[in-house]
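In what follows, a single structure is set out as structure tokens and then discussed.
The values are calculated or read from the model by the stated rules, or taken from the named source; none is laboratory data. Since the structure is predicted, the reported quantities are computational estimates derived from the model, not experimental observations. Cβ atoms come from the backbone with ideal geometry, glycine included; neighbour counts cover every protein chain shown.
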Amino acid sequence: MNLLLNHIKRLRVLSVIALLGKNIKYHPLLPVITDELFKLFTFLFYPAKFPAMKNLIDQLKRTNAQTDYHRFGGIEFRFDTKEIAHIHGNGLLDIHFPVQLSKVLIEKGCCDEHHIFPGSGWISFRIERTTEPVRPMQLFKWSEELKKDMKTINEIEEEINQYVFYEE
């Protein structure tokens, strides 16, 4: 109950719905409809966030990633059958990494733990109106390189440690 109240206090609407509706994934259209409502809410109440979201989505689509609706709502980006990332209608970008790398990225302060499944390897990056696509695209690139076996975990970790993360 305290966890639910903490999420409500922080106004993390998506997290609250996920905690309350754990079975949302069993209703095929419900996640898509819910995410479209988030997109409408974002458009109405945070319209300045939309250009940054669109810019990032356009850049992600320019990669060789396949796109589709994500099973929990939003747009999914994947290579073959391996999901790299998905973005929700409220501007929350989730990217998958091995747990070891996600911990390093979180410690560096360039992203947050996943909004629903902390410690799972998934990280969350909040798109704001001033967000330039440089940081999320770099995160996406590292995840892509791992999924395509272009680089090892150690090589990516070395790059992360050398990378300079500027505040957005």
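The table below gives the values:
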read-out: Condition met for LYS148 (under 21 Å from PHE77 (Cα atoms), over 18 Å from the mean Cα position of the chain (by Cα) and surrounded by fewer than 18 Cβ atoms within 10 Å (Cβ to Cβ)); value: yes
read-out: First in the stretch 60-78 and closer than 17 Å to ASN90 by Cα, second anywhere and part of a loop (DSSP other than H, G, I, E, B) and among the aliphatic types (A, V, I, L, M), Cβ under 8 Å, 6 or more apart; value: PHE77/ALA65
read-out: Check on THR131, farther than 23 Å from GLY91 by Cα and not hydrophobic (A, V, I, L, M, F, W, C); value: no
read-out: Residues within the stretch 154-168 that are exposed (fewer than 15 other Cβ atoms within 10 Å of the Cβ), of a type outside the set (Asp, Glu) and at pLDDT 90 or above, tallied; value: 1
read-out: Tabulated pairs, the stretch 99-127, first surrounded by fewer than 18 Cβ atoms within 10 Å (Cβ to Cβ), second assigned to a loop (DSSP other than H, G, I, E, B), C-beta under 6 angstrom, 6+ apart or interchain; value: VAL99/GLY121; LYS108/PHE165; SER120/HIS114; GLY121/PHE97; GLY121/PRO98
read-out: Spans of strands (runs of 3 or more DSSP E) in the stretch 78-150 with at least 3 residues within 29 Å of LEU44 (Cα to Cα) and out of contact with any helix residue (DSSP H, G or I) (no Cβ under 8 Å at 6 or more places or on another chain); value: none
